[in-house]
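Here is the structure we will look at.
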Amino acid sequence: MAQPHPHVFLGDKLVPAAQATVGIATSAVLYGLSVYTVFPVRVADGARSAFRLADHFRRLEESCKIIGIDRFTQEWDYARFQATVVDLVEANDPAEDVFVRVSVHVVESIPGTRVRGCAIEVSMFVYDAVPIVPQDGMRLKSSPWRRIPDNAIPSRAKVNGAYVNSVLAKQDAIDSGYDDCIFLDANGHVCELSAANIFLVRGGTLITPDVSCDILDGINRRTVLTLAREEGIPVQERTVDLTELYIADEVFVTGTSAGAAPVFEVDGRTVGAGVVGPVTTTLRKRHADALRGDTDHGWTTPLT
Ligand code: PMP
C-alpha cells in the first residue's frame, strides 16, 4: 500500500499521519480486531466524488454487526461518516484519484478475547490509487490455502485479522511466479482472490460465485452484475469449479484496488485466446464509466 497522505483522521479529529497511532495493548493490534473498507475518490476538473459511499458505510456497519463491534452504530451514522470523508479529502487536496481506507479499531485493552461493549476508534486515511494487480492480463494460481469459511471467520465481514488468510495465499502465488491467488473452499469450489472477486464467461454467460461461497460481497462485484444485466448479458451467481476457469472463454476480477482487470492465465492454462475478451471489454468500459459517474445509478457522491 502506498503511504498515507499527510492528514489522517483518528478518533474524533484530523491529525498528522505520523501522530496517528493505535496502542500496542489494544485488541486491534493483539487480535487483528478491526474492520475496514476501501473506496475510490475521483479527482477531476477541481471536483471530487466518492464511489458508492453509502454502500461502503453499510458494509462497514454490517462487518461490525457480524463481529459484535456494537459501539460503531452507537457513535457513527452515515451523515457523520460522509462529513468526515469530506473533511479528510479536503485537507489533503489530492491532485489525482485516491483510495480512502476507513477502519474501525477495537482499542480497549482488556484481558482475554471479547468484543461487545468495547471502545472503538475510527481511522481514515487517503493514499494514491495504485492498482494491486496488473491491468493488462494477470496470471493466477489456485492456492493450497483454503478460504476461511463463514463458520470460522466470515469472509463477508472485512476483518483485518482475517487478511492473514489472504497474505498466505497471495505470498504463495507470488513465490510461485504468479500475480495473485485463487482461493478455493474446503470442497474445491472457487471463492475469490486475495482482495478481489472473480468472474468467468462461458458461451456468452457471465458466471461468478454467489455470496454464500465464502466471498466478500464486493461492491465492484455488485456493480458489474448490475451493468451486465443492463447490457442483456445472461448472469449466473452459483458455485464454480476450478476447472471451469480452465475452460472459460474469459476471466476477469473486480475490486476497488484491483479495478476490473482481465486474467490471461490460470494454473498454467491460457484463458480463451489469451486476450481481453468481448464481454470483459464491455464490462470494463461500463465499470470505468460508472467510476467516473457517467451513469444514472446515483453511485457517486460529490465530496463538497
Ligand atoms: N474480496 C476481498 C477479500 C477483498 O478484500 C476485496 C477488496 N475490498 C474484494 C473482494 C473486492 O471488494 P470491493 O469491490 O468492495 O472493493
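The values are calculated or read from the model by the stated rules, or taken from the named source; none is laboratory data. What you see is a predicted model; the values in this text were computed from it and never measured. Cβ placement follows ideal geometry from the backbone for every residue including glycine, while neighbour counts extend to all protein chains displayed. Accessible surface is based on the protein model in full, side chains and every heavy atom, while ligands, DNA and RNA are left aside. Shrake-Rupley method; radii C 1.70, N 1.55, O 1.52, S 1.80 Å.
Taking the stretch 222-274 as the range and being away from the ligand (no atom under 16 Å from the Cβ), touching a residue at least 40 places away in the same chain (Cβ under 8 Å) and of a type in the set (Val, Ile, Thr) as the test, the residues that pass are Ile233, Thr239, Ile247, Val266.
Taken over the stretch 69-90, the criterion of being open to solvent by less than 40 Å² (accessible area, probe 1.4 Å), among the aliphatic types (A, V, I, L, M) and within 23 Å of Ala44 (Cβ to Cβ) is satisfied by Val85, Val86, Leu88, Val89.
Scanning the stretch 163-177 for residues that are surrounded by fewer than 19 Cβ atoms within 10 Å (Cβ to Cβ) and of a type outside the set (D, E, K, R) yields a count of 8.
For the stretch 178-209, filtered to residues that are more than 16 Å from the ligand (Cβ to nearest atom) and assigned to a loop (DSSP other than H, G, I, E, B), the residue that is most open to solvent (accessible area, probe 1.4 Å) is Asn187. Gly117 falls short on exactly one of the conditions (1) under 26 Å from Gly218 (Cβ atoms); (2) in contact with a Lys or Arg (Cβ under 9 Å, 6 or more places away or on another chain), and that condition is (1). A single member of Lys65, Lys170 is within 16 Å of the ligand (Cβ to nearest atom) and charged (D, E, K, R), and it is Lys170.
Out of Leu14, Leu60, Leu88, which single residue is among the aliphatic types (A, V, I, L, M), over 26 Å from Asn220 (Cβ atoms) and not in a loop (DSSP other than H, G, I, E, B)? Leu14 is the lone residue from the list that is among the aliphatic types (A, V, I, L, M), over 26 Å from Asn220 (Cβ atoms) and not in a loop (DSSP other than H, G, I, E, B).
Of the residues making up the stretch 121-162, those that are β-branched (Val, Ile, Thr) and open to solvent by 20 Å² or more (accessible area, probe 1.4 Å) are Val130, Ile132, Ile148, Ile153. For Gly298, are the conditions met, namely being out of contact with any helix residue (DSSP H, G or I) (no Cβ under 7 Å at 6 or more places or on another chain) and open to solvent by less than 30 Å² (accessible area, probe 1.4 Å)? No: the conditions fail for Gly298. In the stretch 1-54, the qualifying residues are those that are basic (Lys, Arg) and crowded, with 16+ Cβ neighbours inside 10 Å, and the one that is nearest to the ligand (Cβ to nearest atom) is Arg52.
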